[in-house]
Amino acid sequence: MLLALDVGNTNTVVGVFEGKELRVHWRLSTRRDGTGDEYGMLIRNLLHLAELEVDQISALIIASVVPPLQSSLEEMAHRYFRIVPLIVGPGIKTGMPILYDSPREVGADRIVNAVAAFEAYGGPAIVVDFGTATTFDAVSAKGEYLGGVIAPGIGIAAEALFERTAKLPRIDIAKPNTVVGKTTVASMQSGLFFGYLGLVEGIVTRMREEMGGDPIVIGTGGLAHLILAESPSVKHVDPLLTLTGLRIIYERNL
């Protein structure tokens with residue numbers, strides 16, 4: 001079985017594949033100061049709860065955008081699984097040409113998402129990922145990574161409203177009943193929800209005009225189900241797109 005880790009700035013998504021089937025997955029909080037032992041014990045306990053044995057894991061792939069954690073995760077792989085992990089980064093076979101001016105600058109998660117989107121939906125395609133940052137990634141009809149857009153994530157915006165204002169409260173991100181809020185909380189929720197919905201629509205429209213070919217739009221990320229499900233531009237919402245991409249890239253490196 002393949003153990004796949006998508007390590008983001010806020011959340012870490014862990015999945016176990018048996019062949020092409022995703023047997024089980026979990027979404028955890030990313031701990032930048034987590035040790036190899038802490039991550040090892042946590043994942044072993046999760047496997048136990050899923051009635052899976054550690055020795056059933058025969059391979060491990062990691063995509064991380066948190067550099068301080070890489071050594072801890074590699075230590076975890078060696079100590080708890082006796083595996084040399086495949087790290088998504090320069091030199092790995094993705095099957096996708098990277099047409100960025102400096103390919104090393106592209107986050108591993110963005111490449112993994114692009115690979116999965118092209119494999120599942122073809123191209124041209126746009127992937128919208130609602131994570132710590134909100135990212136938009138463009139894939140050509142030939143399966144080339146063209147580049148994209150990076151905007152502050154909705155969670156960052158919500159925290160900024162709370163931290164940088166004297167009277168605004170910390171709120172849950174949710175769709176309000178109306179655009180015009182009748183309370184402070186409802187007004188803030190409206191600004192966040194409909195503001196980011198407008199952000200998606202505006203950027204996707206401009207990307208489509210620039211790319212041509214009527215690209216299909218795929219949404220992913222922790223808040224994709226909330227925001228992107230309301231977007232007329234987004235045709236597919238796949239919260240596990242990155243895990244699928246990790247499996248595909250692992251298979252391309254066998």
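Values computed for the structure shown
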{"quantity": "Kirkwood hydrodynamic radius of the range 153-212, Cα pairs, Å", "calculated": "12.6"}
{"quantity": "When the convex hull of its Cα atoms is projected in every direction, mean area for the range 124-254 (nm²)", "calculated": "9.1"}
{"quantity": "Value of relative contact order over the range 1-135, rounded to a whole percent, pairs C-alpha under 8 Å and six or more apart", "calculated": "23"}
{"quantity": "Where 175, 235, 142 fall by accessible area, highest first, once all protein chains stay in place (1.4 Å)", "calculated": "142, 235, 175"}
{"quantity": "Full-extension gain in nm, residue 252 to residue 31, via 0.36 nm per residue minus C-alpha separation", "calculated": "76.6 nm"}
{"quantity": "Solvent-accessible area of residue 41 with every protein chain in place, 1.4 Å probe, in Å² to the nearest 10", "calculated": "90"}
{"quantity": "Pair residue 182, residue 50: separation of 7 Å Cα→Cβ label points (nm)", "calculated": "4.5"}
{"quantity": "Loop-located trypsin sites (Lys or Arg not before Pro) in the range 1-46, at most 11 other Cβ atoms within 10 Å (DSSP)", "calculated": "20, 32"}
{"quantity": "Where only C-alpha atoms are counted, convex hull volume of the range 2-58 per residue in Å³", "calculated": "76"}
{"quantity": "Magnitude of the charge dipole, the chain, Cβ model with Lys/Arg +1 and Asp/Glu -1, debye to 20", "calculated": "380"}
{"quantity": "Alpha-carbon Rg with Dmax, taken over the range 1-121, Å", "calculated": "14.4, 46"}
{"quantity": "Of every Cα-Cα pair in the chain, the percent that sits beyond 31 Å", "calculated": "28"}
{"quantity": "Viscosity 1.002 mPa s, temperature 20 °C, Stokes-Einstein D of the range 86-136 from Kirkwood C-alpha radius, µm²/s", "calculated": "181"}
{"quantity": "Structure-based [θ]222 nm, the chain - -39500 (n - 2.57) summed over DSSP H runs of at least 4, per residue, nearest 500", "calculated": "-12000 deg cm²/dmol"}
{"quantity": "Quotient of C-alpha Rg and 2.2 N^0.38 Å, computed over the range 68-169", "calculated": "1.36"}
{"quantity": "Most mobile of 17, 194, 162 in a GNM of the chain (Cα contacts under 10 Å)", "calculated": "162"}
{"quantity": "Rounded FRET efficiency, nearest 0.05, which uses the C-beta distance separating residue 163 from residue 240 and R0 of 35 Å", "calculated": "0.65"}
{"quantity": "Selection from 70, 205, 189, by position along the positive dipole direction of the chain (Cβ)", "calculated": "189"}
{"quantity": "Dipole of the range 141-254, positive direction: furthest Cα of 160, 218, 234, with charges on the beta-carbon", "calculated": "160"}
{"quantity": "Size of electric dipole in the range 1-42: Cβ of Lys, Arg +1 and of Asp, Glu -1, about Cα centre, debye, nearest 20", "calculated": "140"}
{"quantity": "Computed P(r) (all Cα pairs; the range 46-88; 10 Å bins; percent)", "calculated": "27, 50, 23, 0"}
{"quantity": "Share antiparallel - DSSP beta bridges, the chain, percent rounded to 5", "calculated": "60"}
{"quantity": "Dipole magnitude of the range 103-144, debye to nearest 20 (Cβ charges: Lys/Arg +1, Asp/Glu -1, about Cα centre)", "calculated": "80"}
{"quantity": "Mean Cα-pair separation over length for the range 100-254, i.e. relative contact order, pairs under 8 Å, 6 or more apart, %", "calculated": "25"}
{"quantity": "Relative contact order %, the range 1-50, counting alpha carbon pairs below 8 Å whose residues are six or more apart", "calculated": "26"}
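The values are calculated or read from the model by the stated rules, or taken from the named source; none is laboratory data. The model shown is predicted, which means the values in this text are computed figures rather than measured ones. Because the Cβ atoms are built from the backbone with ideal geometry, glycine has one as well, and the counts that use them run over all protein chains shown. Side chains included, ligands, DNA and RNA excluded: accessible areas come from the protein's heavy atoms. Shrake-Rupley method; radii C 1.70, N 1.55, O 1.52, S 1.80 Å.
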